[in-house]
1. Within the range 414-425, how many residues turn out to be in contact with a helix residue (DSSP H, G or I) (Cβ under 9 Å, 6 or more places away or on another chain) and either farther than 23 Å from LEU483 by Cα or open to solvent by 10 Å² or more (accessible area, probe 1.4 Å) (or both)?
2. Please indicate, with yes or no, whether at least one residue in the range 111-118 is of a type in the set (Val, Ile, Thr), out of contact with any strand residue (DSSP E or B) (no Cβ under 6 Å at 6 or more places or on another chain) and open to solvent by less than 60 Å² (accessible area, probe 1.4 Å).
3. Could you pull out the residue among GLY697, GLY719 that is open to solvent by less than 90 Å² (accessible area, probe 1.4 Å), more than 46 Å from the chain's Cα centre (by Cα) and not polar (S, T, N, Q)?
4. Look through the range 19-51, keep the residues that are assigned to a helix (DSSP H, G or I) and surrounded by fewer than 10 Cβ atoms within 10 Å (Cβ to Cβ), and return whichever of them is modelled with the lowest pLDDT.
5. For the range 122-166, name all the residues that are within 18 Å of ARG200 (Cβ to Cβ), surrounded by fewer than 16 Cβ atoms within 10 Å (Cβ to Cβ) and in contact (Cβ under 8 Å) with a residue 40 or more places away in the chain.
6. Could you please let me know if LEU175 is modelled with pLDDT under 90 and touching a strand residue (DSSP E or B) at 6+ places or on another chain (Cβ under 9 Å)?
7. What's the total number of residues in the range 737-756 that are modelled with pLDDT of 75 or more, in a loop (DSSP other than H, G, I, E, B) and buried (at least 19 other Cβ atoms within 10 Å of the Cβ)?
8. Considering the range 449-464 alone, what residues qualify as being assigned to a strand (DSSP E or B) and either among the β-branched types (Val, Ile, Thr) or touching a residue at least 60 places away in the same chain (Cβ under 8 Å) (or both)?
Amino acid sequence: QRAGREEKEGEKKGEKEEEDDDRMLLLNLLYAPRGSRLFSIAKTMCSIETLSHVLAWSKDWKMKEEEGYSVDLVELPRLKLTFTAREDHTGELKLFSMDHADLFVSNDHNDLTKKMIAGIPHSLLLSNLGGEMQLLVPVLPPVRPHIISQPFTTDLVINREGCTWNASLSQRFYLYPIHVSLSFALTKGLNSALYLLLLRLLHREYDAAYRLCDSIATDSKLSPEGQEIFKALSYANDDFHPDAAAVRLKVSLVTIDSGTPLPWDLTLQLADYIVKLPHVSATCRLPLQEELQLLESDGVVLDENSALFNPGVHDRYYLAIVKTRLHVLRASLDSDSSATEASCFASPREVTTGWPWYQDNTVFGEQYNTAVDIKSVDEWEAVINMEDHLREECAPTDGWLTVAYFHVLWSGTSVKALPRVSELVPTHPWITFLIAKADARGVDRIAKQYGVDQFPTIMLLRGNKEVEGSRMVGSERIVEKLLRVLAENITEADRSAYVQLLVRQKEEAAQGQEVEEEEAVEEEILWTWDVDNCGRSVRVADLGLTATLNEDDMFGEPTVWEYKEEWEWVQMPGDIEDELERRYLAGYFYRNDELVLKKGRWSQTICLYWDRSDIKITSDTVGEFEGHWGSSWDQDIYVRRRGDRVQVRGEEKCLSKQQRKTDKEMAPWTERQRAMRMHNRKEQYGKSVEGVHGTTGFSKGSGTHRWTIRWEHEPALSGKGDAVALSSVSSEMVGPSAPPCLGGTHDEGCSVALYASGEIYHRGELLDTAVKATPRSPPTEILRKRGDAPKKKEKKKSKNKKKKKEEEDMQGEEE
């Protein structure tokens, strides 16, 4: 009996131990201690599943919490995955998959694997003992969020609660074997390839997505799982990159026989691809035969007679592009010669669309109807009461038809609707269009007079009376409403009156032209210098209005000082530009931190200020310096120097390492430039005169011609270095040559020249002497009169001598 009791107690004890071995403890991953193994597991698993659906189990249920728990089992119920912790052949503890033999979670993340799994945030890297790697990716719907500050973001958000998506899945994850080169992942089956293509397209990896298109080629119907993934390709329809359109067309081509509806409009995608074709990369460009196959498919709309035509989707502009491309490809692929001929299609412009191609005959003198911008009550009454005598004579019985558009700047809808209404103006020449800003001074009284209190408001007037029932308020379909009202109120009398008005205007214009021919008319023509017909040291600037002689600019761009005005760089006035350049070469900007040039001595006042440590020097620019014009601080300007690099004393602290390196590399070339300049100067010794031709000529017997030419420098060579000449068309004398260059013996008598010395030359002979120009005061004397030149120590003079000196100064100032 005792032995039997002991045996029964032993059996009970064994059963209890077995029960204890099967018992496991569920661990809380949310509060795992940082740095623990449990925390590492939680961080790894949260990439493929939310922590609320990750179950971590431990067999050490008897162990106290402070002693730490070992993780023996990890379950992911939604993904139907289980991992167990055990040691590998090296004795290292790893998480092995219980669903896939010899696969464990790998921590071998290098640059190649990171690059490959970029764009797949919900992935887990697995490996076997042989070093072969696979990528585990849960099949979840990815979404690329719209971020205003990052319009081209590639970040993906995974939606784990898609009920329709989850119901259509036959498996919860895909395994992608990784190539031994670690450069790309292989696909198993059509659905896994389709899902990887979706991820690559959303991540904007267009070349990788394009290469995957051949892996999803099929002529059979997709499974419900495949259809759900294929439908998700529409998530990238907001991507208008040229390569994105190419990927969508390639997907359409390889699935065209499967009968699966495309998640985009094939016609619009083709038009988008054709328009952006020059910008499509070589790796994503469709072969011409494949492009033609798509254009000839049943899903493409070519005109309004197509069965799939939708007026709300298919614009005539896109239809014309697609149809023209179809005929071009047919002609080019069917022809064996280098020259082919194909039909071109263009639909007529509609006034309610932004059709970019329209006929404009303004260059031939045709004038189109334009809207009148009303700025006062007088302008309004002048149009309404027909103060133009021709319009009054030719007006229809009830008066001209007038459209008045009232808007305000603070109403965004009325401002946006204005361009659409303005498109109607040229197409309705027999109607007067008035644009009235209702909140402007004076115009507000007109709005109150007609009871306009909502914007935009359009009224139709016949004469000076409002047409009953013609008022339109609001911007919704405003163009269509206006077209309908105009069609109801425009009569044949309006068109006839407009034709009669044109005839009367032409008759009056012809009569005025006859009167003008009887009188001598002086016409002012803007004179410019010919940039292609000048000496090699002559520089033409200011849109052809200025010509300068500058030998130092022969081998580089001329130096200019510019200021930024409304996001555009504008050249400084000449006198201020010269002063800034003079001070810059003297190192002023590297010794000081502000500069003020006052009006009087210069054309206008300018104030500049800068921090010497912030001056940026490159090979062609220096700046930017802040400042403002005059004494106003309302609008800041930025000033820079643009031109060839010049080394200035004191700039050493402002040079970057890159610029120092560039200067060192450019030093030999700069030295060669300097040597070439010296060589050319020696060759031109005694030949220092160069000229420039004008662009406008005149014929014999065309009357009297007058020119106004302003010289900005003192005459050289006692006046024989500067001249203006009349020359024949055959004259090509631009120098360099010895004086006299013009009117000399070099041009075989093709020019007659007036020199600054007052002498007139022809064939090198002095014909006459004109009035000599009064020379300007020497620069130093002018400075001294203004008090800017350095003062010299003056000796005491007698009162008579001092009085005489003051009289001479006053006389010089008058001159």
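The values are calculated or read from the model by the stated rules, or taken from the named source; none is laboratory data. Computed from a predicted structure; not experimentally measured. Glycine gets a Cβ as well: all are built from the backbone with ideal geometry, and neighbour counts include every protein chain shown. We work out accessible area using only protein heavy atoms, side chains counted, and drop any ligands, DNA or RNA first. Shrake-Rupley method; radii C 1.70, N 1.55, O 1.52, S 1.80 Å.
1. Count: 2.
2. yes
3. GLY719 is the lone residue from the list that is open to solvent by less than 90 Å² (accessible area, probe 1.4 Å), more than 46 Å from the chain's Cα centre (by Cα) and not polar (S, T, N, Q).
4. For the range 19-51, the residue satisfying everything is GLU19.
5. Hits for the range 122-166 are VAL143, PHE152, THR154.
6. Taking the combined requirement at face value, the residue does not satisfy it.
7. 6
8. Once the filter is applied, which keeps residues that are assigned to a strand (DSSP E or B) and either among the β-branched types (Val, Ile, Thr) or touching a residue at least 60 places away in the same chain (Cβ under 8 Å) (or both), the range 449-464 yields THR457, ILE458, LEU461, ARG462.
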